[in-house]
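Peer 1: First, the structure itself, so that you have it in front of you.
The values are calculated or read from the model by the stated rules, or taken from the named source; none is laboratory data. The shown structure was predicted, so the numbers you read here are calculated from the model rather than taken from an experiment. Glycine gets a Cβ as well: all are built from the backbone with ideal geometry, and neighbour counts include every protein chain shown. Ligands, DNA and RNA are excluded from the accessible area calculation, which covers all protein heavy atoms including side chains. Shrake-Rupley method; radii C 1.70, N 1.55, O 1.52, S 1.80 Å.
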Amino acid sequence: MRTPLPAPRHPATGDDAAPASAAAPDVPPASDAPPPDAPPGRRRGARSRTVVALVLILALLGCGAGLLVRARQLTGAPALHNRALTDTEATSRVVDEVGGALARVFSYGPGDTATTRQAARRLLAGRAARQYEALFGQVEQRAAQQRLTLTTHVVRAGVTRLDDRGAQLLVFLDQVAQRAGKPATTVAAQLSVTAELHEGHWRIVDIRSR
């Protein structure tokens, strides 16, 4: 009678197999830092990446600091009192009134200088009024002798500072001069203008050519 052979045992269930509940060995977390025994080239590469990261962080911090300084300048005490940055209606009003005043006091004809002088006395004050009065006598004589007509147009005007009492403007003008029997000539001018609010109206107190 033949003796039966023993049944083969599966490797996963044999007596020599490890228990199913045995814990897996701990695996250290991945790290960009090379191990102490890493080759020198790998250690240099890791240091280079660290330096680049630090440079980027410092650059971002520098940009952030610059933006903070700029914001402080725009929101500092002087800027907060400059209504040219915040009050659109008041800015438009001073541009309209000062621009209209310049167009009137710098426009005249050979037979109508008296109207221009009267307008200047109403629209100018301070240093601007004194300078204008001192020079306008010569203007009247030349206008009469040369039959000269001068027309001034405000091309563009901007308010650089505006508060409750005064304003500073940068104004660009085109002045068209025409003598009798001769073609008209156009001259561009750029002025720095200071105006003050007087009884609800803007009066020009200083005019400087730029």
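Okay, residues lined up against (1) at pLDDT below 90; (2) more than 38 Å from the chain's Cα centre (by Cα); (3) open to solvent by 40 Å² or more (accessible area, probe 1.4 Å):
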{"site": "LEU61", "(1), (2), (3)": "yes, no, yes"}
{"site": "GLY76", "(1), (2), (3)": "yes, no, no"}
{"site": "VAL94", "(1), (2), (3)": "no, no, no"}
{"site": "THR115", "(1), (2), (3)": "no, yes, yes"}
{"site": "ARG127", "(1), (2), (3)": "no, no, yes"}
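Peer 1: Looking only at the range 98-111, decide whether some residue is farther than 15 Å from SER192 by Cα, open to solvent by less than 50 Å² (accessible area, probe 1.4 Å), assigned to a strand (DSSP E or B) and in contact with a strand residue (DSSP E or B) (Cβ under 6 Å, 6 or more places away or on another chain).
Peer 2: yes
Peer 1: Here are the criteria: (1) open to solvent by 80 Å² or more (accessible area, probe 1.4 Å); (2) assigned to a strand (DSSP E or B); (3) not acidic (Asp, Glu). Tell me which single one THR149 does not satisfy.
Peer 2: Evaluating THR149 over (1) open to solvent by 80 Å² or more (accessible area, probe 1.4 Å); (2) assigned to a strand (DSSP E or B); (3) not acidic (Asp, Glu) leaves (1) as the failure.
Peer 1: Quick one: in the range 166-188, of everything that is open to solvent by less than 30 Å² (accessible area, probe 1.4 Å) and under 16 Å from LEU102 (Cα atoms), which residue is farthest from the chain's Cα centre (by Cα)?
Peer 2: Result: ALA177.
Peer 1: Moving on to the next point. Quick test of your reading of the structure: VAL139 fulfils all but one of (1) surrounded by 13 or more Cβ atoms within 10 Å (Cβ to Cβ); (2) within 32 Å of the chain's Cα centre (by Cα); (3) not in a strand (DSSP E or B). Name the failing condition by number.
Peer 2: It fails just one condition, (2).
Every residue, every condition in (1) touching a residue at least 24 places away in the same chain (Cβ under 8 Å); (2) small (Gly, Ala, Ser), yes or no:
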site: ARG104; (1), (2): no, no
site: ALA128; (1), (2): yes, yes
site: HIS153; (1), (2): yes, no
site: VAL176; (1), (2): yes, no
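Peer 1: Working carefully through the options VAL176, VAL187, VAL205, find the one that is over 21 Å from ALA84 (Cβ atoms), touching a Ser or Thr at 6+ places or on another chain (Cβ under 7 Å) and assigned to a strand (DSSP E or B).
Peer 2: Selected residue: VAL176, the only one of VAL176, VAL187, VAL205 that is over 21 Å from ALA84 (Cβ atoms), touching a Ser or Thr at 6+ places or on another chain (Cβ under 7 Å) and assigned to a strand (DSSP E or B).
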